[in-house]
1. State all residues of the stretch 131-140 that are of a type outside the set (D, E, K, R), open to solvent by less than 40 Å² (accessible area, probe 1.4 Å) and either closer than 20 Å to Val113 by Cβ or in a helix (DSSP H, G or I) (or both); if no residue qualifies, say none.
2. Report yes if some residue within the stretch 60-81 is farther than 25 Å from Gln133 by Cα and not aromatic (Phe, Trp, Tyr); otherwise report no.
3. Where in the stretch 1-109 are there helices (runs of 4 or more DSSP H), lying fully within it, with 3 or more residues that are over 15 Å from the mean Cα position of the chain (by Cα) and modelled with pLDDT of 95 or more?
4. Would you be able to say whether some residue in the stretch 11-27 is open to solvent by 60 Å² or more (accessible area, probe 1.4 Å) and under 21 Å from Arg142 (Cα atoms)?
5. Taking the residues in the stretch 110-124 that are closer than 22 Å to Gly4 by Cβ and surrounded by fewer than 18 Cβ atoms within 10 Å (Cβ to Cβ) as candidates, determine which candidate is farthest from the chain's Cα centre (by Cα).
6. When only residues in the stretch 141-186 that are among the hydrophobic types (A, V, I, L, M, F, W, C) and open to solvent by 30 Å² or more (accessible area, probe 1.4 Å) count, which is modelled with the lowest pLDDT?
Amino acid sequence: MPFGELILLPLVPLFQAKFPDITLNIDLTDDVVDMYDARVDVAIRAGQLKDSDLYARKLGQSPRVIVAAPAYLQKHGTPKQPEDLTRYHKLDLNLSRSFRGWRMTQDGQALQVSIDAQIKVNNGISLKHLAMQGAGLARLTRFIVDKELQSGALIQVLEQYNSQEFESFYAVFMGKRDLMPRRVAVFLDFLTEHTILR
């Protein structure tokens, strides 16, 4: 959903102006859809891809960051090191495929901090809104919170312990380029050209 809302949907008017004869049917969900059953031309997948007979094109990647609302930090203080996280409310995803815990780095060593989240939701947009409302600390992919970090609506914490773990995004599709419908090839090329993640 975050990729769809923040990256894909803003590109739709440009795609429509460039290719007015192509009809887009967009379904935003964080569920992993069976492309064959649902008759989907292109799906956007995040994270490590499982082995399958599908093809994929990498669209970019974005680092993960831990954020909180200024009011929450003002009331509860700012965590200084990973072990401080036990004293804070944490927000997390409830997706069964998501990793349970936050990967960090301390003294050059990889660290996996176990997170017992007080609130869990099924998508990053909702997670961002909860963090903005002061419900606790959230770990999100950077592009989801870029505007809020720039405006000061959210503040990044524990930056020095950021593991530099990146979440990768892929366009997944069926069949080689010379076998796919032209509309799919055009859409994939457009998406690759215009998707900018940092």
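The values are calculated or read from the model by the stated rules, or taken from the named source; none is laboratory data. This is a predicted model, so every value here is computed, not measured. Every residue, glycine among them, receives a Cβ derived from its backbone with ideal geometry; neighbour counts consider all protein chains shown. These accessible areas exclude ligands, DNA and RNA; they are computed on the full protein's heavy atoms, side chains included. Shrake-Rupley method; radii C 1.70, N 1.55, O 1.52, S 1.80 Å.
1. Step one: filter the stretch 131-140 for residues of a type outside the set (D, E, K, R), giving 131-138, 140.
Pick out the ones that are also open to solvent by less than 40 Å² (accessible area, probe 1.4 Å) and you get 131, 134-138, 140.
Those that are of a type outside the set (D, E, K, R), open to solvent by less than 40 Å² (accessible area, probe 1.4 Å) and either closer than 20 Å to Val113 by Cβ or in a helix (DSSP H, G or I) (or both): Ala131, Ala135, Gly136, Leu137, Ala138, Leu140.
2. yes
3. Values: elements: 9-18, 35-38, 70-76.
Fully inside the stretch 1-109 and qualifying: 9-18, 70-76.
4. Within the stretch 11-27 (the criterion being open to solvent by 60 Å² or more (accessible area, probe 1.4 Å) and under 21 Å from Arg142 (Cα atoms)), the answer is no, since none of the residues qualifies.
5. By that ranking, first place goes to Lys120.
6. Going through the qualifying residues, I end up with Leu179.
One line per residue, one yes/no per condition, for (1) open to solvent by less than 80 Å² (accessible area, probe 1.4 Å); (2) in contact with an Asp or Glu (Cβ under 6 Å, 6 or more places away or on another chain); (3) without any contact (Cβ under 8 Å) to a residue 40 or more places away in the chain:
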| site | (1), (2), (3) |
| --- | --- |
| Asp30 | yes, no, no |
| Val42 | yes, no, no |
| Lys58 | no, no, no |
| Val67 | yes, no, no |
| Ala71 | yes, no, no |
| Tyr88 | yes, no, no |
| Asp92 | yes, no, no |
| Trp102 | yes, no, yes |
